[in-house]
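Structure record follows, encoded as structure tokens.
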Amino acid sequence: MLKEKVQKSLNQQMNAEFYSSYLYLAMSAYFESDNFSGIAKWMKIQSQEEYSHAMKFYNYLLQAAGKINLSLIEAPKVGWNSAEEVFQDTVKHEQKITKSIYDLVDLAAEEKDHATNIFLQWFVTEQVEEEATAMKILDRIKLIGENKNGLFYLDHELGKRGASN
């Protein structure tokens, strides 16, 4: 059985992952409204991936005889001024999620909850990938600058992303 402190933190992270899904869906809608359907697709797949992360926490909590506490999901930001601003927000958000995961790992170690610690290692690795991918796209957008042709090319490239696992 999970210790109360660990269970509470896992529930908070689960809800943060649901928020991440919501945020990326809002970003997808932003790009769709600007006719960048490739970046919109990329963001929609990212939203689905974040939902699957939330469900990993949900399932783990149930497996570990914990209680699920679904909380109110805050409405995400819905307007941006540019693709660069969207990906700046994406990088910041992923860094925030990484810190949250690291705090959970520290808590699991402090509470000597070895099973939760092992469960969280997948997320530690995943966050390295999430941050690197977001930063790579942001760097490319910065290189493109105001060049619309470059942004249309990036839109085409990001639209090739396949569905998440």
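Laid out as a table, the results:
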| quantity | calculated |
| --- | --- |
| Using θ = phi - 60° and Karplus 6.51 cos²θ - 1.76 cosθ + 1.60, couplings along the range 89-104 (whole Hz; Gly, Pro as x) | 5, 5, 4, 4, 5, 5, 5, 5, 5, 4, 4, 5, 5, 4, 4, 5 |
| Helix-derived mean residue ellipticity, 222 nm - over the chain, DSSP H n ≥ 4, -39500 (n - 2.57), to 500 | -27500 deg cm²/dmol |
| Relative exposure of Y22, Y153, judged by other C-beta atoms within 10 Å (fewest first) | Y153, Y22 |
| Rounded FRET efficiency, nearest 0.05, which uses the C-beta distance separating N149 from H114 and R0 of 35 Å | 0.10 |
| Cα gyration tensor shape of the range 122-165, rounded if a/c is under 1.5, else prolate or oblate by comparing a/b with b/c | oblate |
| The chain, relative contact order in percent, only Cα pairs under 8 angstrom and at least six apart counted | 32 percent |
| Cα-based helix-to-principal-axis angle, 37-63 vs the chain, degrees rounded to 10 | 0 degrees |
| Theoretical gain in end-to-end length, A132 to S52 [0.36 nm per residue, Cα-Cα removed] | 26.9 nm |
| Ranked F57, F119, criterion: other C-beta atoms within 10 Å, fewest first | F119, F57 |
| Violating pairs (Cα-Cα greater than 29 angstrom) within the set K99/K148; K5/K41; K99/K136; K77/K112 | K99/K148; K5/K41; K77/K112 |
| Karplus-derived 3J(HN,Hα), 6.51/-1.76/1.60, for each residue of the range 13-23, Hz, glycine and proline x | 5, 4, 5, 5, 5, 4, 4, 4, 4, 4, 4 |
| Residues T125, T90 arranged by fewest to most Cβ contacts within 10 Å | T125, T90 |
| Sparse-neighbourhood loop sites, GluC sites (Glu not before Pro) in the range 131-165 - DSSP loop, at most 10 other Cβ within 10 angstrom | E146 |
| For log10 I(q)/I(0) by the Debye sum over Cα atoms at q = 0.09, 0.12, 0.14, 0.20 Å⁻¹, calculated from these coordinates, the label among [x] -0.29, -0.53, -0.75, -1.60; [y] -0.31, -0.55, -0.75, -1.39; [z] -0.33, -0.56, -0.72, -1.24 | [z] |
| Range of Cα positions in the range 67-165 per principal axis (Å), largest first | 53, 27, 23 |
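Read-outs throughout are calculated quantities, based only on the coordinates presented, and are distinct from any laboratory measurement. Every value quoted in this text rests on a predicted model; they were computed, and no experiment measured them. Backbone-built Cβ (ideal geometry, glycine too); neighbour counts: all protein chains shown.
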